[in-house]
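Step one of this worksheet: look at the structure below.
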Amino acid sequence: MENNHVKLEIPSKQTEISIHFVGDVHLGASGCDKERFKAKVKEIASDKNAYWIDMGDDCDCITTDDPRFSMSAYPSNAKLSDFVVENQAKEYIRITKPIASQCIGKHLGNHEAKFTKHKNFDVHQYIIEANNLRSLAYCALTKLFFIIKGGTAFTTTIFSHHGAGGATTTAGALNKVEKFIFSHKADIYLMAHTHQLATKEYPRLGTQETYSEHAKIVERPQILLLTGGYLRTYQQGVTGYGEVKGYQPIKLGSPKITFNREQHNKIDQYVMRVVA
Ligand SMILES: [Fe+2]
C-alpha cells in the first residue's frame, strides 16, 4: 500500500478543480476504444486545473503464449507487433505524455502484474520512469492539499485500489469497494478492474473544520466510484474474452469529480460532484 501526499496549487477560490480517474484502457487489445481514450487525454490536457489518477491495466499485456490469448479475439488484419507489450507501453507513454505532469499517481493493474511475474519486463515501472510518475502500486491512500493563492487550503483523501475478484455486476463491485469504508479513512473510494462505470454517494454530516464559537454542521459526503474502462465487451466479427464469458456490454469512459467553492449555511466550503 502506498501513502501519497500531493500539493496542488489553485489560482483562485473561483477555480473549478477536476480529478479524473482513468483506467483499464487495455491498449493493444482489439476491443480497446483508443479514440475515446485519446479524447479523454485531450480533455485533461485542455484544462490546467484538471488532474488524474491512472487506475492501471493501461496495456493489455496478453502475448501469444498466454493461456488467455485467442486469435479469434483479434480481427484478421492483426499484426504480431500488436501483441508486443513493449510496443503497447511505448504507445501508452506517447499518448499520455502531454498529461504526465497532471498525474497524481499511477496504479499497477492485474494484467501488468501478471505479465511482469512471468516475463523479464516490468511494464508498470517502464511507464512510471518514462513519464516521471508516482507509483501507487496496487492500492494507495492519497491526501490532496489544495493550496489556494492567498493562503487558504483544503484537503480531501482518496482511497484507490486497482481491484480484485470477479464481481460481474455493478452491485457486486460497489459492495466490494464499499467494504473499504470500514478499514480505510477517506472521502473518495475508487476501484477499477471490473470495467464497470458507476457511483454511489453517502451524505455524511460533520462539524466545520475551522474553529468557531458558533460552529455549524457541514455536509461532507463519502463517494464510491467504479472507474470504468475502454475495452468493448462485444465487437462485430470478433469473439472476445468478455463475450465468451457472457459479460454485459459496459458503458465506456472515465468518471471525474469536480470541486467548487460554494456557500452553504453561511459557510464557504468545497462541494464535490461526480461527473460520470
Ligand atoms: Fe482490466
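Things to note:
- Test item: Cα-centred dipole of the chain, Lys/Arg +1 and Asp/Glu -1 on Cβ, debye: 360
- Distance in nm between pseudo-label sites at Glu262 and Glu43 (7 Å out along the Cβ direction from Cα): 2.0
- Only helices enter the 222 nm calculation for the chain: every DSSP H run of n ≥ 4 contributes -39,500 (n - 2.57), and dividing by all residues gives -6000 deg cm²/dmol, rounded to 500.
- Put simply, the amide H of Leu197, placed in the peptide plane, has neighbours under 5 Å in Gly228, Lys251, leaving out anything fewer than 5 places away on its chain.
- Degrees between helix 34-45 axis and first principal axis of the chain (Cα, 0 to 90, nearest 10): 30
- The distance separating the Cα centre of region 144-159 from that of region 197-268 comes to 19 Å.
- Rg and Dmax of the chain, based on Cα coordinates, read 19.7, 72 Å.
- Summarising the strand pairing of region 2-275, around 55 percent of its internal DSSP beta bridges are antiparallel.
- Fewest-first ranking of Met272, Met71, using other Cβ atoms within 10 Å as the exposure measure: Met71, Met272
- Shown here for region 89-177: chymotrypsin sites (Phe, Trp or Tyr not before Pro) in loop regions (DSSP other than H, G, I, E, B) with at most 15 other Cβ atoms within 10 Å, namely Phe121.
- Our analysis of region 27-144 gives Rg over Rh at 0.98, with the two radii drawn from alpha carbon positions and Rh computed by the Kirkwood formula.
- Across all directions, the shadow cast by the convex hull of region 162-275 built on its C-alpha atoms averages 8.6 square nanometres.
- Per-q log10 I(q)/I(0), region 226-276, q = 0.17, 0.22, 0.25 Å⁻¹ (Debye; single scatterer per alpha-carbon; no solvent): -0.64, -0.83, -0.93
A short reminder: the numbers here are calculations on the coordinates, not readings from a lab. Everything numeric here is computed off the predicted structure, so don't read it as measured data. When we count neighbours, we look across all protein chains shown, and the Cβ atoms used for this are built from the backbone with ideal geometry, even at glycine.
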